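The values are calculated or read from the model by the stated rules, or taken from the named source; none is laboratory data. Not measured: the values here are computed from a predicted model. Neighbour counts run over all protein chains shown; Cβ positions are idealised from the backbone, glycine included. Heads up: the accessible areas ignore ligands, DNA and RNA and are worked out on the full protein's heavy atoms, side chains in. Shrake-Rupley method; radii C 1.70, N 1.55, O 1.52, S 1.80 Å.
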Amino acid sequence: MRPILFQLLLLTIACLLSGCGSAPPYEYRYTPGRTAILTPRGAMVPVDAPEAVKRAVAAGNHIAGRPYIYGGGHRSFISKGYDCSGTASFLLHAAGVLSTPMASDEFRNFGSAGPGKWITIYAKRGHVFMSVAGLRMDTGWNGEREGPRWSTMSRPAKGCVLRHPPGL
């Protein structure tokens, strides 16, 4: 094999292994017993969901609607407002899988690779959002900074790597 082709092959393999390919977009798909639903009072988690997922959803309900504050949720999990990684840190801490807040870039290596059964983290340089029991928890996209919100709206995930807490 020619040296340039071999280098290209190695670069492609490295890119695929590091997650620099395009992640599938977030899409809400309701599955009875597996997917949370969004109500005017917040997210409702399936009865048979693991306790960690129930705690994450309750945490999301607790901070949903708070303002976007850059750096919010980083000094402490408790804050008047949250940015994207502060939001993800708050929910994962409530689930019992994170002991200290993390920055968005750090989520690119959190937990295990790929989508989770109950929780999937979409992380890229400078932003992170997550899906918990099928609902998206995000602080906005396309430059919007709305603060933590549950959503069922689809969202592109270009540049994201998918990660999940082991077992979830």
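Here are some notes:
- Shape of region 104-167, Cα gyration tensor, a/c cut at 1.5: oblate
- Glu27 versus Lys158: modelled label distance in nm, points set 7 Å from Cα along the beta carbon direction: 1.8 nm
- Among (1) 1, 5, 6, 6, 4, 3, 4, 4, 4, 4, 5, 5, 5, 4, 4, 4, 5, 7, 6, 5, 4, 3, 1, 0, 0; (2) 2, 9, 18, 22, 20, 13, 6, 4, 3, 2, 1, 0, 0; (3) 2, 9, 19, 23, 23, 15, 7, 2, 0, the entry that matches P(r) over Cα pairs in 5 Å bins from 0, in percent as calculated here: (2)
- A straight Cα-to-Cα reach below 18 Å connects Lys117 with the lysines Lys54, residues fewer than 8 places away in its own chain not being considered.
- Shape of region 29-115, Cα gyration tensor, a/c cut at 1.5: oblate
- Computed over protein heavy atoms with a 1.4 Å probe, the carbon and sulfur contribution to the accessible area of the chain reaches 58%.
- Of Tyr122, Tyr68, Tyr82, the residue with the greatest mean-square motion in the GNM of the chain, using alpha carbon springs below 10 Å, is Tyr68.
- Sorting Arg125, Arg145, Arg66, Arg136 by accessible area puts them as Arg125, Arg145, Arg66, Arg136; the probe is 1.4 Å, largest comes first, and only protein heavy atoms count.
- Dividing the summed helix terms, -39500 (n - 2.57) for each DSSP H run of n ≥ 4, by the number of residues in the chain produces a 222 nm estimate of -7500 deg cm²/dmol to the nearest 500.
- Between the C-alpha center of region 60-95 and that of region 119-168 there is a gap of 13 Å.
- Using alpha-carbon coordinates, inclination of helix 51-63 to the longest axis of the chain, degrees: 70 degrees
- Applying 0.36 nm per residue to the separation of Tyr70 and Val47 and subtracting their alpha-carbon distance, the gain on full extension is 4.9 nm.
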